Amino acid sequence: MSTFTAPKGIPEYFPPESAAFLAVRDTLSDAARRAGYGYIELPLFEDTVLYARGVGESTDVVSKEMYTFADRGGRSVTLRPEGTAGVIRSVIENGLDRGQLPVKLHYGGAFFRYERPQAGRYRQLQQVGVEAIGVDDPALDAEVIAIADEGYRRLGLTGFRIELTSLGDSTCRPAYRAKLQEFLRGLPLDEATRQRAELNPLRVLDDKRPEVRELVADAPLMVDHLSAESKEHYEQVKEHLRALGVAFAENPMMVRGLDYYTKTTFEFVHDGLGAQSGIGGGGRYDGLMAELGGQEFSGVGFGLGVDRTLLACEAEGLTVGDRTRCDVYCVPLGEAAKARLVAAAGGLRRAGVRVDLAYGGKGLKGAMKAADRSGARYALVLGERDLESGAAQLKELTTGEQRSVPLDSLVEVVTEAVAR
Ligand code: HAM
């Protein structure tokens, strides 16, 4: 019979490592919750046009990487490649922008990009994201960056840096773009790069090939051509970051893979990951909401890669998350003892204790091995003779210390022992 394999380029997380995945995801979301971001659950797929228009036709994400298909009603839908466009669509559709501003939302889950799979680059990737919509305040940009910084630090990560720049706004970017294009036209670039320069000149600055890097080293930079308003905004973001104690490095060559960015953009880069070093990124997107049919509202947010953050934790040798499955592992010896312990396990779980049991009639030796493997702190052993004497044996697995626990106060005594 044929067997099945998961689709290519999709990471799966199972015990015990999945505990680390959960810890990364929850720690990053917690950082957002602590700053007052409410949770939004978004559709996994949307109208294809939403992403084409929101993310930008000329981006790799839209032109090469989308999972697009016709549903049974003949509508073109796309598995979400990112979260921002969906959040803005929902804010407009549900009128969330008519309430208190800024609208602060966080989200998480799987996103889909048909990329060439490699270490740290997946076709199904997990993000935790935030968006703050409707207030154009540089302190909000700094808050968003500080939340991500705090999330990573809480995990214990230290080997990352924040790269920051400003991409200007609609008053200064077109002129800069023309200037950059003019500069690029004067360079001996290959045909494909020349075409890219015409379509999306900023992306040429991000070319990884050393010969192209050398050629563009003297290219005009957006940060030197900012409008007075964008410049002031950028200065204030930096000031707020300093006040927050968040260290950053300016990278005026930074290019993000999505078209909606204006003003502040940033990336969190980890040095232990090889080519796929971006563990998170984001920025401001002041024209997106109007572009998607809503009010002229600004917005700022980030998407943090949970998979890559997990790889970063591994690269730094951090153990995150609780790999133990339970606190107490019940070891019944014989059917009567089993009936008693199955009931006790229920009582302990109701009291909030994590409990597992040796099912399938394991002998004492096999059951104790399973107890060790479960990561439990205690084994709760009940044999025929214990039943007669009315007491179970509670064994602390690391020390081997053992004591008798009366069956009629089992739940209370064990709960207390676990809490200690
Ligand atoms: P992004 O930079 O495209 O931004 O993705 C954010 C993060 O998701 C990346 O830094 C990376 O850690 C992770 N990521 C992206 N693609 C992959 C992949 N193929 N495999 C593994 N991890 C990946 C956005 O998606 C924006 N929506 C962020 C944002 C929110 N900007 C403003 N608000």
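The values are calculated or read from the model by the stated rules, or taken from the named source; none is laboratory data. The structure presented is a predicted model; accordingly, all values stated were derived computationally and were not measured. Neighbour counts run over all protein chains shown; Cβ positions are idealised from the backbone, glycine included.
Taking helices (runs of 4 or more DSSP H) that fall entirely within region 277-389, which contain at least 2 residues that are within 16 Å of the ligand (Cβ to nearest atom) and modelled with pLDDT of 95 or more?
288-291, 306-315
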Practice prompt. Starting from region 129-141, keep only residues that are more than 10 Å from G282 (Cβ to Cβ), then list their pairs with residues that are among the hydroxyl-bearing types (S, T, Y) whose Cβ atoms are within a distance under 8 Å, requiring at least 6 positions of separation or different chains.
Written response: A132/Y37; I133/S298; G134/S298; V135/S298; D136/S298; P138/Y234; P138/T264
Practice prompt. Please specify each residue of region 98-132 satisfying the condition of being over 23 Å from R242 (Cα atoms) and either part of a helix (DSSP H, G or I) or aliphatic (A, V, I, L, M) (or both).
Written response: R98, L101, V103, L105, A110, A119, L125, V128
Worksheet item: What is the one condition in (1) part of a loop (DSSP other than H, G, I, E, B); (2) within 13 Å of the ligand (Cβ to nearest atom); (3) on the phi > 0 side of the Ramachandran plot that G156 does not satisfy?
Response: (2)
Item to complete: Might you check whether a residue that is over 23 Å from the mean Cα position of the chain (by Cα), in contact (Cβ under 8 Å) with a residue 12 or more places away in the chain and surrounded by fewer than 18 Cβ atoms within 10 Å (Cβ to Cβ) occurs anywhere in region 302-315?
Response: no
Worksheet item: Yes or no: A175 more than 10 Å from the ligand (Cβ to nearest atom) and under 18 Å from H270 (Cα atoms)?
Response: no
Discussion item. Just to verify a result, which residue in region 47-64, among those that are free of Cβ contacts under 8 Å to residues at least 60 places away in the same chain and either polar (S, T, N, Q) or in contact with a helix residue (DSSP H, G or I) (Cβ under 6 Å, 6 or more places away or on another chain) (or both), is farthest from the ligand (Cβ to nearest atom)?
Written reply: T48
Worksheet item: Is it the case that region 386-401 has a residue that's in contact with a Gly (Cβ under 7 Å, 6 or more places away or on another chain), surrounded by fewer than 20 Cβ atoms within 10 Å (Cβ to Cβ) and assigned by TED's automatic domain parsing to the domain that holds L341?
Response: no
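Residue by residue, here is whether (1) among the acidic types (D, E); (2) farther than 30 Å from A119 by Cβ holds:
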site	(1), (2)
L288	no, yes
F297	no, yes
G303	no, no
E316	yes, no
R325	no, no
Y329	no, yes
Worksheet item: A290 versus (1) surrounded by fewer than 24 Cβ atoms within 10 Å (Cβ to Cβ); (2) touching a residue at least 12 places away in the same chain (Cβ under 8 Å); (3) among the aliphatic types (A, V, I, L, M): which is the lone unmet condition?
Response: (2)
Item to complete: Mind telling me which of the residues Y107, Y114 ends up being within 13 Å of the chain's Cα centre (by Cα) and more than 7 Å from the ligand (Cβ to nearest atom)?
Response: Y107
Fill in: Number of the exception - G120 against (1) at pLDDT 95 or above; (2) at negative phi
(2)
Item to complete: Filter the helices (runs of 4 or more DSSP H) completely within region 159-250 down to those with at least 2 residues that are of a type in the set (K, R), within 21 Å of G301 (Cα to Cα) and not assigned by TED's automatic domain parsing to the domain that holds D141.
Response: none
Worksheet item: Just one of the numbered conditions (1) away from the ligand (no atom under 16 Å from the Cβ); (2) modelled with pLDDT under 95 is not true of G73; which one?
Response: (2)
